[in-house]
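Only one structure is covered here, and it is reproduced in the block below.
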Amino acid sequence: MIDFTIPEDIQQQRKLFELVAKDVMRPYSRYYDEHEHEIPWEYVNRMWPVMKMEWARRVMKAQQELAGERKEKKSSGKKYHFNLQLVFMVEMLSWGDAGIYLCTPGPALAGFAIDAAGTPEQKVRFLKRFAEGDPKWGAMAITEPGAGSDVSSISTTAVRDGDEWVINGEKIFITNGWLSLEASDGLVVVWATVDKSAGRAGIKSFVVPAGTPGVKVTKREYKLGIRASDTAALVFEDCRIPADNILGNPEVEKRDKKAGFKAAMVTFDTSRPVVAASALGIGRAAIEFVKEKLAEQGIDIPYNLPKHKLTAVQRDVLQMEAMHKMAWLLTLRAAAMSDERLPNALEASMAKVKAGKAVTWITQKAVEILGPLGYSTEYLAEKWMRDAKINDIFEGTGQINTLIVARRILGYSSRELK
Amino acid sequence: MLSFTPSEEQQMLIDTLHKFADTEMRAKAHECDEAGEVPQSLVDTGWEMGLIPASIPEEYGGFGEEYSILTGVLALEELAWGDLSIALHILTPSLFATPVLLEGTDAQKQEYLPRFCEESFYPATAAFVEPLFQFDPYTMKTTATRDGDMYVLNGEKAYVPLADRAEAMLVYANENGSTQAFIVPRNTQGVTIGQREKLMGLRALPMYRVTFDQVTIPAANKLGGEAGADFHRLLAYMRVATAAAAVGVARASFEYARDYAKERVQFGEPIAHRQSIAFMLAEMAIDIDGLRLMTWEAAWKLDRGEDATREAYLAKLTADDVAVEVTDRGVQILGGYGYIREYPVERWLRNGRGIATLEGLVLI
């Protein structure tokens, strides 16, 4: 059935996150934007109890599996809409502040990877820390100086030595890299190759907890936007981890199978709608602010005038709203498909492409419409434009995602369409 | 809860209409566009599918299904995918029947709805658009003036589908600053069917200029009676329907261009291997899916009796652009062939361009 009803529990949660955004994000947006590399503790401390509970639940489930009390089973019949919940949560928190949102304590992508690919023993071992004690962070380290869009060309190596893996390499642009390894007792999931000649099939994920000798944060970036977010460079030099810190199968599968790599890439199908949602939260903030300021000038946005009667500004704002709505509906669709366990690579990429483009345009337009005060740091509009830009870049650039959409609609492999 | 899959019944309807669109409409579309007419046999086949009687209550002779604009949108997409002109021709009677169904008095429903449940095509239409450079549905130049227990209509309408053969016409006019609709039967004095429109596209749908010179009708012919009709609501339905038509036309263009690009070899490989072409197609696909979702959301809200003014407006605004941008890309991808009338893409561009102009001309 075609149904746009938002589940009641999500509507309620959304209100709670709106309070978080208004209490501990917006009032500090400008501060953390101007004090890059400081930790937004107001937000972190507010969110940590919530995140701890969520991960405690997952750890308990893993503990039960470990004790043989429970089998990994499919959805129990109760409507479980995790991806949809995530998308709504992220949208609202990003509406608050997209940079501060990225400082949400918890294992984040690293946690999802461990929860998806780890054994019950690994889940308990690695995730327990996120269910107790002080705030901690997790990070996912994929990108390298020579490997951005071309993920399969990563050259960080993992070499088996006795009952250890030895990791060597360099990672850059790692969100929460410093927070995970130096500011807290967290961990990083690192993508490394066990056999460069095997290409994608040789790429595996390894868990590197904070305090492991041989890994250092070498740089914390200064950025155009999302300045509150920790973006770090890591160097691994003979970094030794236990052999059972590898996630999934250590075997290098046959070249054409690449199931392990595919499994890793599948996480992008879940994370792309989330990034789209973050972008659209920023977009919504910009649209609402512009409309508020225009209304103060006596300019309202009508939904019933023919185009020739619209002022240029009204036309622009309507365009902003239309683009935003389209991107948001595409994002909801991708998330709903994840929840229905339907393959959604095409839809996830579509959402990401549209959202990235939409908010880049929306936030730039907002600054333009707001004139000299839009350009001023007295208001957050200029910050939102700077924050928005990253969404067309990370988690797969707009170009890469367009390529993915193109390949899917044409039925082409990466060999046929480059 | 949030879900984007048509129901089984809806899917059956989509499949049936798609078959009709693919086998019957597509086969005749070029010929109809060139000739400027749709053969009556094709109109009759369309009529036999019973789209209009489906939602008319049994007491008026219909099948009595609950009216759903969302289901209508699904149907309209397939028909427009087949051919927009032929689709609008088959659906012209809806321009009269649907507003009566949604906003008519019991007497008006009783009088008119049964006519749409007969075996043969009942030509009825609506007069909405005006021949101005800047037309505004909220401030129409055609006027309706109350005179005792009559209304007097004056003005000129354009783009009136099948006006030459319509048994009844729903005329939208300005009554004291608000737009209302008035039922004008065929042969009412003062109504002159003028010249046929010659438009860039939609050439298979005969549309006419119609002038109203002191056209006098009973007050009981005002849609909705004394209270009148909720024009905002009707306009929302029309906008949603127009957006659905845009999705159909755009999708036709996209699919054709995609298939062509995979076949057409230049420089040793299909042109679909080139990013410039592939990216155009990707963007077309995204906009089509996005527009479809916007249309569905607005339709879903209307079915629930909720105000969908904003959603319908934004969907129509987007449809106006997507219809042209996508069909333009369709021509572009076909290169020189895209410019030749033997290939459908140029017709889809000409028809697609009509979407922005088609205020009030699409309903289901």
*Taking only pairs six or more apart or across chains, which ones have beta-carbon atoms under 7 Å, a first residue in the stretch A:1-30 that is over 23 Å from residue A:98 (Cα atoms) and within 14 Å of another protein chain (Cβ to nearest Cβ), and a second residue that is charged (D, E, K, R) and in a helix (DSSP H, G or I)?*
A:4/B:297
*Quick one: which of B:337, B:260 is within 13 Å of chain A (Cβ to nearest Cβ), surrounded by fewer than 24 Cβ atoms within 10 Å (Cβ to Cβ), hydroxyl-bearing (Ser, Thr, Tyr) and in a helix (DSSP H, G or I)?*
B:260
*For the stretch B:185-215, how many residues are touching a residue at least 60 places away in the same chain (Cβ under 8 Å) and surrounded by 15 or more Cβ atoms within 10 Å (Cβ to Cβ)?*
11
_Only one of A:325, A:291, A:309 is more than 17 Å from the chain's Cα centre (by Cα), touching a residue at least 24 places away in the same chain (Cβ under 8 Å) and assigned by TED's automatic domain parsing to the domain that holds residue A:405. Can you tell me which?_
A:291
*What tally of residues in the stretch A:143-177 results from selecting those that are among the hydrophobic types (A, V, I, L, M, F, W, C) and surrounded by fewer than 22 Cβ atoms within 10 Å (Cβ to Cβ)?*
6
*Return only the number of the condition from (1) buried (at least 22 other Cβ atoms within 10 Å of the Cβ); (2) in a helix (DSSP H, G or I) that residue A:192 does not satisfy.*
(2)
*Only one of these conditions is not met by residue B:205: (1) more than 24 Å from residue B:343 (Cα to Cα); (2) assigned to a loop (DSSP other than H, G, I, E, B); (3) not acidic (Asp, Glu). Which number is it?*
(1)
*State all residues of the stretch B:298-320 that are more than 17 Å from residue B:245 (Cβ to Cβ) and either within 7 Å of chain A (Cβ to nearest Cβ) or surrounded by fewer than 23 Cβ atoms within 10 Å (Cβ to Cβ) (or both); if no residue qualifies, say none.*
B:300, B:301, B:303, B:304, B:305, B:306, B:307, B:309, B:310
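Let's see how each residue does on (1) surrounded by 15 or more Cβ atoms within 10 Å (Cβ to Cβ); (2) out of contact with any helix residue (DSSP H, G or I) (no Cβ under 7 Å at 6 or more places or on another chain):
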site: B:106; (1), (2): no, yes
site: B:111; (1), (2): yes, yes
site: B:117; (1), (2): yes, no
site: B:122; (1), (2): yes, no
site: B:135; (1), (2): yes, yes
site: B:141; (1), (2): yes, yes
*Does the stretch B:11-43 hold any residues that are buried (at least 18 other Cβ atoms within 10 Å of the Cβ) and either within 14 Å of another protein chain (Cβ to nearest Cβ) or in contact with a Ser or Thr (Cβ under 8 Å, 6 or more places away or on another chain) (or both), and which are they?*
B:13, B:20, B:29, B:32, B:33, B:38
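Matching residues to (1) in a helix (DSSP H, G or I); (2) in the same structural domain as residue B:288 (by TED's automatic domain parsing); (3) polar (S, T, N, Q); (4) without any contact (Cβ under 8 Å) to a residue 24 or more places away in the chain:
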position	(1), (2), (3), (4)
B:73	yes, no, no, no
B:77	yes, no, no, no
B:85	yes, no, yes, no
B:89	yes, no, no, no
B:96	yes, no, no, no
B:129	no, no, no, no
B:139	no, no, yes, no
_So, in the stretch B:271-288, how many residues would count as being within 7 Å of chain A (Cβ to nearest Cβ) and crowded, with 22+ Cβ neighbours inside 10 Å?_
6
*Tell me which of these residue B:254 doesn't satisfy, since it passes every other one: (1) farther than 29 Å from residue B:203 by Cα; (2) in a helix (DSSP H, G or I).*
(1)
*In the list A:400, A:362, which residue meets the criterion of being surrounded by fewer than 20 Cβ atoms within 10 Å (Cβ to Cβ), hydrophobic (A, V, I, L, M, F, W, C) and not assigned by TED's automatic domain parsing to the domain that holds residue A:96?*
A:400
*Which numbered condition residue B:345 misses (of (1) surrounded by fewer than 24 Cβ atoms within 10 Å (Cβ to Cβ); (2) more than 20 Å from residue A:308 (Cβ to Cβ))*: (1)
*asked:* Just to be sure I understand, how many residues within the stretch A:1-55 are part of a loop (DSSP other than H, G, I, E, B) and under 21 Å from the mean Cα position of the chain (by Cα)?
replied: 6
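The values are calculated or read from the model by the stated rules, or taken from the named source; none is laboratory data. Predicted, not measured: the structure shown is a model, and the values here were computed from it. All Cβ positions, glycine included, derive from the backbone under ideal geometry; neighbour counts span all protein chains shown.
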